[in-house]
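The values are calculated or read from the model by the stated rules, or taken from the named source; none is laboratory data. Please read all numbers here as calculations on a predicted model, not as lab measurements. Cβ placement follows ideal geometry from the backbone for every residue including glycine, while neighbour counts extend to all protein chains displayed.
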Amino acid sequence: MVEAGPQVFIDAVQEDVDVVDCAGKCLAPGLIDMRVTTGEPGNEHLETLASACQAAAAGGVTTIVCLPNTDPVVDDVALLEFVERRAAEVGLISVHSYAAATKRTRGEEMSEIGLLHEAGALGFTDGPKAIASAMVMRRLLSYSTVFGTLVIQHPEIPELVGEGVMSEGETATRLGLAGIPAAAEVMMIERDLRLLALSGGRYHASRVTTSAAIEVIARAKADGLAVTCDTAPHYFALNEGAVTDYRTFAKVSPPLRSEADRRSVLAGLANGTIDAIASDHTPRDQDSKRLPFNQAADGVVGLETLLQVTLENVHNGALTMLQAIRALSLRPAEILGLPGGRLTKGSAGRSGDF
Amino acid sequence: MTRKHSSLRGRTLINLFFENSTRTRTSFRAWPAKRLGGDVINMSVGTSSIKKGETLIDTAMTLNAMHPDVLVVRHADSGAVHLLAEKVNCSVINAGDGTHEHPTQALLDALTIRRRLGRGLEGLTVAICGDIAHSRVARSNIHLMAIMGARVRAVAPPTLIPAGLERMGVEIHHDMERGLADVDIIMMLRLQTERMKGSFVPSIREYYRLYGLDYEKLKVAKPDALIMHPGPMNRGVEIASEVADDIDRSLIREQVEMGVAVRMACLDALVSAQVAPVGKEPVIHIRDERADDPHNLQKCPLARPGKRSRRARRGVGRGWTGGRGGSTGLHRRGPGGC
């Protein structure tokens, strides 16, 4: 049985085709992970492009898109080319990059969007930092329309995050940790959607984690705005309970949310409001995690487990196989304008289809 | 209490204070050595390698190699003591971690109330007033007072009430007059401006006017309502001087005295438990007699000094456990049980 079969052979299996009995296995296109942090350049002790590519290949991911928040920040063409060249040397999988939306991701001045776009940047983002200024966001959206490129937001109002290290609520209060209100996410998305309506452009909210934000995005999509979004496996596999006992290994940004939010994320994936699942792979060393919770770094690795954690929800019935593959492969390809994401006649030679 | 005791003889206690403290540190410092016969090593951030960039876990491993019997730790980050306790194989006492817990303070508060009233806390109404958001003392007291049968109110402006507090069995008030109505005990908390990032109240003047405890606001409480404060006090910020110094109503000095007693008792309880041979450690679980759940343990034997459990009275073991990561923050580790 081939899940993709009905589309490939709509009528019947033609007589002159070799029939391969896959014995219940699923043939899917290689996965596209649209949010990966590597340590190259600058933090090679955390992850090199080579190790990231190996991790991706091990997890069935054949295309990754790297965030620009390296050291130095990928905010100019030379650095973008450096990353592309290093990735080509590894050659294991296909590696693409985003570029910084603002110079040095400071949130003040636009980076050279036109030149970077020409050099192959798939989108513009300040990585784990929100583009906080409404004026900067407005100009980014507006200017990016010239190139039809994507502006990717980390949707959180920094002032509301403040000193917060986990989701606000009873658990945070019991642990004595400063909380981040869930509203910080939806407020930023609502603001950006207004700007999108005003300025045009293509807007992508990266890692949507709350019911309120999913509702707002569903409405904006219904209104015809050019908005897409993704989430990461930890937001549908875990809830805020994972950080009790100060487990810093589950400290991520945005923080793990309530159980109700976790269910909403799964529902959003099932109904297509959330377009994609990105691993938000963020390698950390023990030194930055084995610390008091307040001091520990955000982030978890995810390239190797992206597929497994998603498939868990296929097996338990929360998602269908096609919904999962759509979010892991087809939609990321469409959003980023990449080939792949589907099994077509010409794609047979592409690496990693399995 | 002044009786000399030798239960700490030959034992090493390390006071590890990553944050300033006067009361807690002193009561863990001089007294145990003097009265319980132990050796005390005091370490503070200024003199340790922490300033040189050593991580908490490295500090823990270094101290662990000195084979102390008890570590007393205060740290500015919630959960830091918990983290440290996982890495050492001696007893660890939480002397306050961030805005999480300060268990010995809650124990001494309960003891102070018991001694003054000559009875348990059942049925009392306790109002905790002030900067609850930044207070570890408030959290520990909310747990302990509720376990001991008191009703707990939190009285503070909404900006100083942490989210979800009502789910911890606390009645919340934003108005002193309503919050203090008919209460038996008033616990004032210090406005912890050093932990505040940004403005939580407009001004000290306004805060004192609305939330500072003076005789006028005290009128609505029970006529014999008692006043407590974990210190250090900011006179004229959260409490009027004449209220703080009222010998009939204020328990503030007694709290400091009980602090020494409670901390000595904690040390005694922990080291006594360590004497037992490996694998046969006596552990007393003092049960909360009101709770139906047999696993719902009241983790603080010191909270009821006059009324020890039956097992304790029979002399079954002499140690007690705080449970791994338990809310009392008192971590017992068996020898080698890292």
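Condition first: under 17 Å from the mean Cα position of the chain (by Cα), part of a loop (DSSP other than H, G, I, E, B) and either away from chain B (no Cβ under 14 Å) or surrounded by fewer than 21 Cβ atoms within 10 Å (Cβ to Cβ) (or both). Can you find one or more residues in the stretch A:255-264 that meet it?
yes
Could you list, in sequence order, the residues of the stretch A:68-102 that are part of a helix (DSSP H, G or I) and surrounded by fewer than 20 Cβ atoms within 10 Å (Cβ to Cβ)?
Once the filter is applied, which keeps residues that are part of a helix (DSSP H, G or I) and surrounded by fewer than 20 Cβ atoms within 10 Å (Cβ to Cβ), the stretch A:68-102 yields A:Val77, A:Ala78, A:Glu81, A:Phe82, A:Glu84, A:Arg85, A:Arg86, A:Ala88, A:Glu89, A:Val90.
What's the total number of residues in the stretch A:148-172 that are in contact with a helix residue (DSSP H, G or I) (Cβ under 6 Å, 6 or more places away or on another chain), within 13 Å of another protein chain (Cβ to nearest Cβ) and either in contact (Cβ under 8 Å) with a residue 60 or more places away in the chain or polar (S, T, N, Q) (or both)?
3
Working carefully through the options B:Ile128, B:Ile113, B:Ile93, B:Ile142, find the one that is under 30 Å from B:Arg209 (Cα atoms) and away from chain A (no Cβ under 14 Å).
Values: B:Ile128 fails: away from chain A (no Cβ under 14 Å); B:Ile93 fails: under 30 Å from B:Arg209 (Cα atoms); B:Ile142 fails: away from chain A (no Cβ under 14 Å).
Testing whether each residue is under 30 Å from B:Arg209 (Cα atoms) and away from chain A (no Cβ under 14 Å) leaves just B:Ile113.
Being assigned to a loop (DSSP other than H, G, I, E, B) and under 17 Å from the mean Cα position of the chain (by Cα), is that true of even one residue in the stretch B:241-253?
Of all residues in the stretch B:241-253, those assigned to a loop (DSSP other than H, G, I, E, B) come to B:245-249, B:251.
Then keep just the ones that are under 17 Å from the mean Cα position of the chain (by Cα); that gives B:251.
There is at least one residue in the stretch B:241-253 that is assigned to a loop (DSSP other than H, G, I, E, B) and under 17 Å from the mean Cα position of the chain (by Cα).
Which residues, counting only those in the stretch A:100-136, are closer than 19 Å to A:Arg194 by Cβ and in contact with a Lys or Arg (Cβ under 8 Å, 6 or more places away or on another chain)?
Within the stretch A:100-136, A:Gly107, A:Ala134 meet the criteria.
Which condition does B:Ile147 not pass, out of (1) surrounded by 23 or more Cβ atoms within 10 Å (Cβ to Cβ); (2) more than 14 Å from chain A (Cβ to nearest Cβ), if it passes all the others?
(1)
Report yes if B:Ile204 is away from every other protein chain (no Cβ under 14 Å), surrounded by fewer than 16 Cβ atoms within 10 Å (Cβ to Cβ) and either over 22 Å from A:Ser167 (Cα atoms) or among the basic types (Lys, Arg) (or both), otherwise no.
yes
What is the one condition in (1) within 10 Å of chain A (Cβ to nearest Cβ); (2) more than 28 Å from B:Leu56 (Cβ to Cβ); (3) crowded, with 24+ Cβ neighbours inside 10 Å; (4) not charged (D, E, K, R) that B:Ile161 does not satisfy?
B:Ile161 satisfies all of (1) within 10 Å of chain A (Cβ to nearest Cβ); (2) more than 28 Å from B:Leu56 (Cβ to Cβ); (3) crowded, with 24+ Cβ neighbours inside 10 Å; (4) not charged (D, E, K, R) except (3).
Report, by residue number, each residue of the stretch B:167-188 that is within 14 Å of chain A (Cβ to nearest Cβ) and either crowded, with 23+ Cβ neighbours inside 10 Å or modelled with pLDDT under 95 (or both). Lay out the reasoning, then the answer.
Within the stretch B:167-188, the subset within 14 Å of chain A (Cβ to nearest Cβ) is B:167-170, B:172.
Residues satisfying the conditions are B:Arg167, B:Met168, B:Gly169.
Got at least one residue in the stretch A:192-213 being within 14 Å of chain B (Cβ to nearest Cβ) and in contact (Cβ under 8 Å) with a residue 12 or more places away in the chain?
No: the stretch A:192-213 contains no residue that is within 14 Å of chain B (Cβ to nearest Cβ) and in contact (Cβ under 8 Å) with a residue 12 or more places away in the chain.
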